[in-house]
Amino acid sequence: MITKTAQELAIPVGVTLDRFIMHSQSAFPYATGELSQLLRDIALAGKIINREINRAGLVDIAGGNGTENVQGENQQKLDIVANIRFIRALKNGGEVCAILSEEDEDIIHTGNNHGKYVVAMDPLDGSSNIDVNVSIGTVFSIYRRVSPINEPATKEDFLQGGRKQIAAGYILYGSSTMLVYSTGDGVNGFTYDHSLGEFILSHKNICCPANGSIYSVNEGHYNSYPEFVKHYIGTCKEKSFSARYIGSLVGDFHRNLLKGGIYLYPSTKKDPKGKLRLLYECYPLAFIAEKSGGKASDGFGPILDIVPSSFHQRSPIYLGSAAMVEKAIGS
Ligand code: FBP
């Protein structure tokens with residue numbers, strides 16, 4: 001009879017998000033646990049949205065809602081569900097005094113004026129893929145407020161600039177569901193284990209490869225891209241790089257973060273300022289890119305150095321492996 005070791009008999013489940021957060025918090029002697037709780041609230045909302053997405057085809061939350069968001073985009077029912085779920089989780093969590101969402105024109109005051117943090121978010125990114133079962137995601141960015149505690153938050157709390165983010169990340173609802181975030185010291189990824197209802201550390205200290213052979217861009221807009229972008233796409237083809245574009249920023253970024261690659265959403269004739277929103281799409285992913293050794297540029301300088309002026313402003317973005325971003329914007 002073969003005797004099994006304890007490890008073999010009871011394979012460890014791994015490090016849960018909760019335990020990882022607690023462990024990281026202990027590295028900061030003055031930590032109060034509020035940011036830790038906020039990260040847990042985001043994870044909880046992610047679990048609920050994951051459940052809604054998985055069963056969208058079975059219950060009446062698939063498809064359009066017949067309403068438009070502040071960007072003039074047709075809202076998918078799941079866009080609205082995700083927005084409600086995140087706002088509710090952050091309100092009930094108590095750490096967040098205000099939220100800026102892609103789905104709402106103005107700041108959402110949570111009533112937690114004692115809260116030290118504000119969150120900017122894209123509750124469900126990749127709307128065009130929601131109904132066709134292609135990976136979609138949530139993107140979030142966290143700031144410590146600059147307005148006085150116990151008073152309502154102000155727009156200044158959200159217009160601090162990308163380098164003032166104290167944490168940022170995304171949740172990818174794909175073949176598996178993952179939460180990837182950084183609080184400034186390294187980037188870590190957690191895979192959702194449905195059977196436990198827990199996010200488990202699966203990608204420790206993610207480093208974006210300096211170079212790669214994958215480029216992600218909507219070539220359907222090729223004719224309206226700036227000349228340097230057309231030239232760069234040409235060099236990618238000359239080198240037989242792989243074109244990979246699913247039309248979900250989080251899905252495309254995540255692949256390139258792990259394998260090496262570049263995601264580009266340049267300015268176009270239709271969107272001369274770019275399509276993606278600076279505060280809750282570009283800043284958070286630029287934060288993850290830079291903290292994992294990658295780069296993020298608007299074609300002229302680092303995305304994180306852009307001084308924001310409005311909530312829903314857009315920006316061109318070149319994001320991913322450092323050498324590829326440098327090559328793209330230098331083309
Ligand atoms: P949403 O947040 O409204 O989904 O928009 C962003 C996005 O869908 C990205 O996820 C994606 O990379 C891009 O727009 C796709 O745009 P296009 O269809 O023009 O290629």
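The values are calculated or read from the model by the stated rules, or taken from the named source; none is laboratory data. From a predicted model like this one, the values you see are computed outputs, not experimental measurements. A quick note on method: Cβ atoms are made from the backbone with ideal geometry, for glycine too, and the neighbour counts reach across all protein chains shown. Note: accessible area is taken over every heavy atom of the protein model, side chains too, but ligands, DNA and RNA are not part of it. Shrake-Rupley method; radii C 1.70, N 1.55, O 1.52, S 1.80 Å.
Cβ-Cβ contacts under 6 Å between residues 6 or more apart (or on different chains), taken from a first residue in region 127-140 that is on the phi < 0 side of the Ramachandran plot to a second residue that is of a type in the set (A, V, I, L, M) and open to solvent by 30 Å² or more (accessible area, probe 1.4 Å), are listed as Asp131/Ala62; Val134/Ile246. Given (1) within 16 Å of the ligand (Cβ to nearest atom); (2) closer than 22 Å to Arg40 by Cβ, identify the lone condition not met by Val132. For Val132, the exception is condition (2).
Kindly indicate whether any position in region 140-147 is assigned to a strand (DSSP E or B), farther than 21 Å from Leu276 by Cα and either away from the ligand (no atom under 16 Å from the Cβ) or open to solvent by 10 Å² or more (accessible area, probe 1.4 Å) (or both). Looking for residues that are assigned to a strand (DSSP E or B), farther than 21 Å from Leu276 by Cα and either away from the ligand (no atom under 16 Å from the Cβ) or open to solvent by 10 Å² or more (accessible area, probe 1.4 Å) (or both), one finds at least one in region 140-147, hence yes. For region 230-257, the set of residues classified as within 24 Å of the chain's Cα centre (by Cα) and more than 11 Å from the ligand (Cβ to nearest atom) consists of Ser242, Ala243, Arg244, His254, Arg255, Asn256, Leu257, listed by residue number.
Any residue in region 62-76 that is away from the ligand (no atom under 16 Å from the Cβ) and either closer than 20 Å to Thr110 by Cα or surrounded by 17 or more Cβ atoms within 10 Å (Cβ to Cβ) (or both)? Scanning region 62-76 turns up no residue that is away from the ligand (no atom under 16 Å from the Cβ) and either closer than 20 Å to Thr110 by Cα or surrounded by 17 or more Cβ atoms within 10 Å (Cβ to Cβ) (or both).
Every condition in (1) out of contact with any strand residue (DSSP E or B) (no Cβ under 8 Å at 6 or more places or on another chain); (2) over 17 Å from Pro209 (Cβ atoms) holds for Gly293 except the one numbered (2). Annotation: Gln160 fulfils all but one of (1) part of a loop (DSSP other than H, G, I, E, B); (2) within 13 Å of the ligand (Cβ to nearest atom); (3) in contact with a strand residue (DSSP E or B) (Cβ under 7 Å, 6 or more places away or on another chain); the unmet one is (2). Selection over region 268-284 of residues that are more than 15 Å from Ser309 (Cα to Cα) and away from the ligand (no atom under 12 Å from the Cβ) gives a count of 3. The residues of region 89-108 include none that are assigned to a strand (DSSP E or B), open to solvent by 20 Å² or more (accessible area, probe 1.4 Å) and within 16 Å of the ligand (Cβ to nearest atom). Within this structure, Gly111 passes the test of being open to solvent by 20 Å² or more (accessible area, probe 1.4 Å), of a type in the set (Gly, Ala, Ser) and more than 19 Å from the chain's Cα centre (by Cα).
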